[in-house]
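The values are calculated or read from the model by the stated rules, or taken from the named source; none is laboratory data. Note that the structure is predicted; figures quoted are calculated from it, not measured. Please note: Cβ atoms are built from the backbone with ideal geometry, for glycine as well, and neighbour counts cover all protein chains shown.
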Amino acid sequence: MERQCRIIWTRVIVICVLVSSSCLAQDQKPNVVILATGGTIAGAAATGTQSAYTSGAVGIDTMLAAVPGIRDLANIKGEQISNVGSQDMTVEIMLTLAKRINVVLGQADVDGVVITHGTDTMEETAYFLNLVVKSNKPVVLVGSMRPSTAVSADGPLNLFNAVGVAADPKSAGRGVLVVMNDWIHGAHSLTKTNTTAVQTFMSPLRGLVGVANYGKNDYYNSPIWKHTIESEFDVSDVSHLPRVDILYAYSDMAPDLIDASVATGAKGIVIAGVGNGNMNKPSLEAAARAAKKGVVVVRSSRVATGTVGRNVEVNDDEMNFVASDELNPQKARILLMLALLKPLTTSEIQQLFYTY
Ligand code: ASP
């Protein structure tokens, strides 16, 4: 009898130790919230080897179930914000996402956020969040080039690495990050460079922030641009952004689209100029007319890398234009939409392009 009691007590003690150590392990893991918005990472096709598929077809729980070991990296909670291909991303969804991130990261027990997102407009959402998230904690966007049902889908490992980056205290303070194909990019510099290849995102001007290797990360540098808690932009009371159009320049460009943009209500126009943000004379004149009417004109470039400088071949001072510096047209549009929320002069807006 005494021996049986001893065995029972020993078992009880062993179970208690096991339960409390697993609770402890759970407590010691970082807490990461995944906010899902859709994209190819949540896409599905009828077979594993066809190119046609539908973006944003699979929910966050299904995505997580496809990633063995992901819950060893962090305690994970998932929330669905939207389920769209990122070609259908809207300012409204971006604002909802930003506000939700600020609430979630305001909770003391949340260590980082991952956002699953389509790759087509990922750079725009990443850069937008970089300007309006009010936290130093890691914010990581992730997507995939192949749908979840594809042979050799890239989403599961990308998601695993993204959670590893969001859970890593060394990611904090580097602004919004993007993890794709083992590389960690900063929101300011990354851009999509290939329509379909798995290796599509590059940071041509500033290089990588680091690399992610099965949940272990190596950091090379920190973005130098102002972001997150240092940013002056606040969207907590904002429900829409002013309209900013992007117009693509080409040889013998027709200037009418610039006039049409102004006539239909654009408050800002970004020219995806040729070379160093150039456009032909009729378009320059149309852009100057727009600027005279109070529409802010930013000269960016359709060229994939390089900066657009002030007063090089275009007299920006005279025409009252802004030069986009390092921002490509799609990111210049994001910064200009936020800048237009404030009553700023053109030269103050120019300073924002040197700062963010
Ligand atoms: N069209 C898709 C999207 O952006 C492509 C992708 O996610 O890779 O949602």
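Summed over segment 174-205, residues that are in a loop (DSSP other than H, G, I, E, B), of a type outside the set (S, T, N, Q) and under 24 Å from Gly112 (Cα atoms) total 7.
Restricting attention to segment 115-130, the residues that are in a strand (DSSP E or B) and away from the ligand (no atom under 15 Å from the Cβ) add up to 0. State all residues of segment 92-101 that are within 16 Å of the ligand (Cβ to nearest atom) and either surrounded by fewer than 19 Cβ atoms within 10 Å (Cβ to Cβ) or of a type in the set (Val, Ile, Thr) (or both); if no residue qualifies, say none. Answer for segment 92-101, where residues must be within 16 Å of the ligand (Cβ to nearest atom) and either surrounded by fewer than 19 Cβ atoms within 10 Å (Cβ to Cβ) or of a type in the set (Val, Ile, Thr) (or both): just Ile93. In a residue-by-residue description of segment 131-139, the property of being part of a helix (DSSP H, G or I) and either more than 16 Å from the ligand (Cβ to nearest atom) or surrounded by fewer than 18 Cβ atoms within 10 Å (Cβ to Cβ) (or both) applies to at least one position.
Filter segment 35-66 down to the residues that are more than 16 Å from the ligand (Cβ to nearest atom) and under 22 Å from the mean Cα position of the chain (by Cα), then identify the one that is modelled with the lowest pLDDT. Result: Asp61. Would you point out the residue of segment 281-301, among those that are of a type outside the set (Gly, Ala, Ser) and surrounded by 17 or more Cβ atoms within 10 Å (Cβ to Cβ), that is nearest to Tyr248 (Cα to Cα)? Of everything passing the filter in segment 281-301, Arg299 is nearest to Tyr248 (Cα to Cα). Taking the listed residues Leu344, Leu247, Leu336, Leu257, the one that is part of a loop (DSSP other than H, G, I, E, B) and of a type in the set (A, V, I, L, M) is Leu344, with no other qualifying.
Just one of the listed residues (Ser171, Ser189) is hydroxyl-bearing (Ser, Thr, Tyr), under 20 Å from Tyr354 (Cα atoms) and away from the ligand (no atom under 15 Å from the Cβ), namely Ser189.
If only residues of segment 150-163 that are within 14 Å of the ligand (Cβ to nearest atom) and over 17 Å from Leu35 (Cβ atoms) are counted, the one that is nearest to the chain's Cα centre (by Cα) is Asp154.
One residue alone among Val104, Val110 is more than 14 Å from the ligand (Cβ to nearest atom), touching a residue at least 24 places away in the same chain (Cβ under 8 Å), part of a loop (DSSP other than H, G, I, E, B) and closer than 13 Å to Ile34 by Cα, and that residue is Val110. Within segment 68-91, take every residue that is within 16 Å of the ligand (Cβ to nearest atom) and outside any helix (DSSP H, G or I) and give me the one that is surrounded by the fewest Cβ atoms within 10 Å (Cβ to Cβ). Only one residue tops the list, namely Thr90.
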